[in-house]
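Taken together, the values in this text are just the output of simple stated rules run on the coordinates, not laboratory data. Predicted, not measured: the structure shown is a model, and the values here were computed from it. No Cβ is skipped: glycine too gets one built from the backbone with ideal geometry, and neighbour counts run over all protein chains shown.
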Amino acid sequence: MKIAVFSQTPVDRSTARLSLSYIWVAYVAFGLAALAGMLQGMVRGGLIELPSWTNYYQILTAHGVLMALIFTTYFIIGFLLSGVARTTGGALHAAALRWGWAGWVLMTVGTAMALVTIITNDASVLYTFYAPLKASPYFYIGAALLVVGSWLGGFAIFSSYRKWKRENSGKMSPLFVFMSVTTFLLWIIATLPVAVEVLFQLIPWSFGWTSTINIMLSRTLFWFFGHPLVYFWLMPAYIAWYVCVPRVIGGHVFSDSLARLAFICLLLFSIPVGFHHQLMEPGISPGWKMIHVILTLIVVIPSLMTAFSMFATFETTGRKKGGVGLFGWLKKMPWSDVRFFAPFVGMLFFIPAGAGGIINASNQMNAVVHNTVFVTGHFHITIGAAVALTFFGVSYWLIPALTGRTLTRTANRMGMVQTVFWAVGMFLMSFAMHYMGLQGSPRRTSYTTYMDHPVALEWMDYQRVMAFGGGLLFTAAILLLLILGYLTFFAPKGKTEYPIAETETVQHTPRILERWPVWVGVLVFLIVMAYGYPILEQLNHHPPGSPPIRTW
């Protein structure tokens, strides 16, 4: 099937206001999370002591919730709404705008509720909120509102997609729109179990309406959501890599079919994999764990497809610009353009991040690193480097494109400095985390020398390296917020391109790739196969359950 030729008109003001509302809440959360993260690193490194009115696990919860849930979700919705509008005529229609604003209001109310409970130290349960640790019921209610509000943002995308398909019968949707729909299909399906956990387990239990909770079922429902959450972060970064970065470097989308197939694979294989986070838990049989490990390793395939596609784009573009020799095309990349440089550095970080993911998902190797700070290091170079650096690079052009301003040379140069600071800080911090994890240093722990145990004392120098890296990250975060504030309010008025690349020639994309009933049906089959019997077992043969515990 031929790919549709889509609109290249700018995003209209109503859509821009909606997108910016999401993006700036995201960056307010990012700034607070960066502060909490720096304090956390300084405490873990033994460099400071927190005042009596707060504690390490409180700021650890704030950092995780604000960075992993609030920053990412708001930014993704704001970015995808603007891109969908950009590729479907320049504006969201009235119904989509209503869905988008309703989602923003609901998410913001939920975020405020959750933050109040964290600030009052009634929810120091970390972003995973594992039972039997019990937070305030209003923390869980706030989380539920955040999830439901994000669904409404997804409905805005679905509504725009449906309207475009009605008006362009028989055509394949624009690649950006297709990828956005796939991303939110994954998100809504993956969040259904955690919504069940919150509504039917955690809220009644936290109010005292039920005395105990089925911990194994609770954790299974969380990790049904928890690993697809990683791909909810990654898929918008992939969208920027596939669709926006090629335009920035003056190239084209390498293969429309390959890009769509990669996203279908991500949709199918990133959800039924949660047991690889529970490999050390005794309540799940090894056979079911192995099924999840196999499906986890299959997710490597679309990531490798993405790597091939991106470097094929870079090489073909570089050679058309005169690059010769084996690596001459690299010299033709716009290395001084932060719109390319920041996402590219994120791509490089994703190479060791992916390798670490394979280790975490492998049964024997996971036994070595499970619940060590190695996992934290992997987590940070995935979201904190590959995803965050891509989001930063997008923000440098997205915000001026939405505000009608320009990315000035000075802002671009400062963005390059910010990217280097962030990359160096993340490298130092994650290297120290990976090394300490291999030496047995646990995660989720405050500063301690374990009564001056010789092994623990060997970690101290690396914990200080980790803290220094966190300081660089905080410096980079402050610089980023200053640059984005400048691009929002003070940069010269002008026109900044919203970069959307197309294929160089007309390509024929198989119609099956946009047959949603087929792919959702396959996904439901995989989910039932991977989770149906184990969850039934956890319901029918669960232990007595646990009363709530508060350790702080």
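Can you work out the Karplus-derived ³J(HN,Hα) for every residue in the range 22-33? Use 6.51 cos²θ - 1.76 cosθ + 1.60 with θ = phi - 60°, whole Hz, and x for glycine or proline.
5, 5, 6, 5, 4, 7, 5, 4, 4, x, 5, 5
Taking amide H positions as placed in the peptide plane 1.01 Å from N, state which residues far from Thr503 in sequence (5 or more) or on other chains have amide H under 5 Å from it.
Sorted by chain and number, the residues that satisfy this are Val253.
Label Glu167 and Ile351 with points 7 Å out from Cα along Cα→Cβ: what is the distance between them in nm?
Going from the Glu167 label point to the Ile351 one covers 4.3 nm.
Work out, step by step, the length gained on full extension between Val368 and Val417: first 0.36 nm times the residue separation, then minus their alpha carbon distance; give nm to one decimal. Walk me through the intermediate numbers first.
Numbers: separation 49, 0.36 × 49 = 17.64 nm, distance 3.70 nm.
Taking Val368 through Val417 to full extension adds about 13.9 nm, to one decimal.
So what's the gap between the Cα centers of the range 393-429 and the range 449-475, to the nearest angstrom?
29 Å
I'd like the FRET efficiency for Arg17 and Leu199, computed as 1/(1 + (r/R0)^6) with the beta carbon distance as r and R0 of 22 Å, rounded to 0.05.
0.10
If each residue of separation counts as 0.36 nm, what is the full-extension length gain between Ala312 and Phe427 once their alpha-carbon separation is subtracted?
Between Ala312 and Phe427, full extension yields 38.8 nm more.
For Met172, list long-range residues whose amide hydrogen, built 1.01 Å from N in the peptide plane, is under 5 Å from its own amide hydrogen.
Distant-sequence amide H within range of Met172: Ala4.
Which whole-angstrom value gives the distance between the alpha carbon centres of the range 288-350 and the range 27-87?
28 Å
How much FRET efficiency would the formula 1/(1 + (r/R0)^6) give for Leu326 and Arg511, where r is the Cβ-Cβ distance and R0 is 25 Å, rounded to 0.05?
Values: r = 39 Å, r/R0 = 1.55.
My answer for the efficiency is 0.05.
Grab the Cα-Cα distance for Ile359 and Ser336, subtract it from 0.36 nm times how many residues apart they are, and report the gain in nm with one decimal.
The Ile359-Ser336 span can extend by a further 4.8 nm.
Using a 10 Å cut-off around each Cβ, can you sort Tyr22, Tyr140, Tyr130 from fewest to most neighbouring Cβ atoms? Walk me through the numbers on the way to the answer.
Values: Tyr22 24, Tyr140 27, Tyr130 13.
So the residues, fewest neighbours to most, are Tyr130, Tyr22, Tyr140.
Which whole-Hz couplings ³J(HN,Hα) result when phi for each residue of the range 406-418 is put into the Karplus expression 6.51 cos²θ - 1.76 cosθ + 1.60, θ = phi - 60°, listed in order with x for Gly and Pro?
Per-residue couplings from phi come out as 10, 7, 6, 4, 5, 4, 5, 5, 5, x, 4, 4, 4 Hz.
Place the peptides 155-164, 391-400 in order of packing, highest mean first, counting for every residue the other Cβ atoms within 10 Å and averaging per peptide.
391-400, 155-164
Provide, for the chain, the number of lysine pairs with alpha carbons under 14 Å apart, each pair being eight or more places apart or on different chains.
On the way: Lys2/Lys171; Lys163/Lys171; Lys320/Lys331; Lys320/Lys332; Lys321/Lys331; Lys321/Lys332.
Taking the Cα cut-off of 14 Å, the pair count is 6.
Which value in nm describes the separation of the simple spin-label points at Val455 and Arg319, placed 7 Å from the Cα toward the beta carbon?
Going by the 7 Å Cα→Cβ label model, 5.3 nm.
Which FRET efficiency value, to the nearest 0.05, is calculated for Ile298 and Val28 with the Förster distance at 30 angstrom and r the Cβ-Cβ distance?
For R0 = 30 Å, the calculated efficiency reads 0.20.
Under the rule of at least 5 residues apart or a separate chain, name every residue whose amide H is placed under 5 Å from the amide H of Ile213.
Ser546
Which whole-number percentage describes the relative contact order of the chain, with Cα contacts under 8 Å and a sequence gap of 6 or more?
In percent, rounded to a whole number, it is 20.
So for Ile77, Ile249, fewest C-beta neighbours within 10 Å to most, what's the order? Present the calculation step by step, with values, prior to reporting the outcome.
Values: Ile77 32, Ile249 21.
With the sparsest Cβ surroundings first, the list reads Ile249, Ile77.
Using 15 Å as the cut-off for backbone N distance, which residues of the range 99-118 belong to the label zone defined by a point 7 Å from the Cα of Arg550 along Cα→Cβ?
Answer for the range 99-118: 117-118.
How far apart, in nanometres, would the label points at Phe525 and Met280 be if each is projected 7 angstrom from Cα along the Cα-to-Cβ direction?
3.6 nm
When the Karplus curve 6.51 cos²θ - 1.76 cosθ + 1.60 is applied with θ = phi - 60°, which whole-Hz ³J(HN,Hα) does each residue of the range 138-149 get, with x for Gly and Pro?
Listing the rounded values in order: 6, 5, 5, 5, x, 5, 5, 5, 4, 5, 5, x Hz.
Rounded to the nearest 500, what is the 222 nm mean residue ellipticity of the chain from helices alone, with -39500 (n - 2.57) per DSSP H run of 4+ residues and division by all residues?
-22000 deg cm²/dmol
Rank the residues Ser336, Ser206 as a footprinting-exposure proxy: fewest other Cβ atoms within 10 Å of their Cβ go first.
The most exposed by this proxy come first: Ser336, Ser206.
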